[in-house]
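All remarks here apply to the structure that follows.
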Amino acid sequence: MATQWPDSGLIFEVPGVRGKGRPRFTRMGIAYTDKKTVEYEKLIKNSYLKHTSYISDKSIRMSMYVCFSPNKSDTKKNKALKLSNAFKPKKKPDVDNVIKVVLDALNKVAYCDDTQVNEIHVIRHYDEQERLIICLSENGELFVKKG
């Protein structure tokens, strides 16, 4: 069992991109998370656990690279432009929903509580493969500029 992440942090990859779904309600008014969101949260959790089982109790800095694949209907020219980052993705899921699904999935898995996450960076871009790259490092307060 790992006792900490490497000094440079831990980087892991999750196939596909999905945001946190809206809560659903039973006829009795009880809220629940939809099946696709639950499955994606399990995928994130398992991707993390492939690398380590360490649960941090320190302040966390999180960076996410949300990689979208170009549309299959794109022309070769548009696909090349998207992959060269001339265009940024303007499609779902929204950044806030991606953050929510990752924070919820890693709660009590990578950290004791998501209140420990003090810094989040998200970059959305096009890539050949649709995926989510997550970078975690401890002591996020070390990255705050002083003075």
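Pick out, in residue order, every one of the trypsin sites (Lys or Arg not before Pro) in segment 1-107 that is DSSP loop and has at most 10 other C-beta atoms within 10 Å; say none if there are none.
Values: sites: R18, K20, R24, R27, K35, K36, K42, K45, K50, K58, R61, K72, K76, K77, K79, K82, K90, K91, K100; in loops: R18, K20, R27, K50, K58, K72, K90, K91.
Loop-located and lightly packed - R27, K50, K72, K90, K91.
Assigning unit charges at the beta carbon (Lys, Arg +1; Asp, Glu -1) and nothing else, what dipole magnitude in debye, to the nearest 20, does segment 10-139 show about its Cα centre? Present the calculation step by step, with values, prior to reporting the outcome.
On the way: 25 positive and 16 negative charges, 157 e Å.
Dipole magnitude for segment 10-139 comes out near 760 debye.
In Å and on Cα atoms, what radius of gyration and Dmax does segment 25-86 show?
That works out to 18.8, 52 Å for Rg and Dmax.
When the Kirkwood radius is taken over all Cα pairs of the chain, what Stokes-Einstein diffusion coefficient follows at 10 °C and 1.306 mPa s, in µm²/s? Walk me through the numbers before you get to the answer.
Details: Rh = 16.7 Å.
Translational diffusion coefficient: 95 µm²/s.
Taking the dipole about the Cα centre of segment 10-139, with the C-beta of Lys and Arg at +1 and of Asp and Glu at -1, give me whichever of H121, V17, L106 is farthest to the positive side.
Comparing the listed Cα positions along the dipole, V17 ranks first.
Here, each number is a calculation from the coordinates, and none is a lab measurement. Everything numeric here is computed off the predicted structure, so don't read it as measured data. Ideal geometry is used to build each Cβ from the backbone, glycine not excepted, and the neighbour counts take in all protein chains shown.
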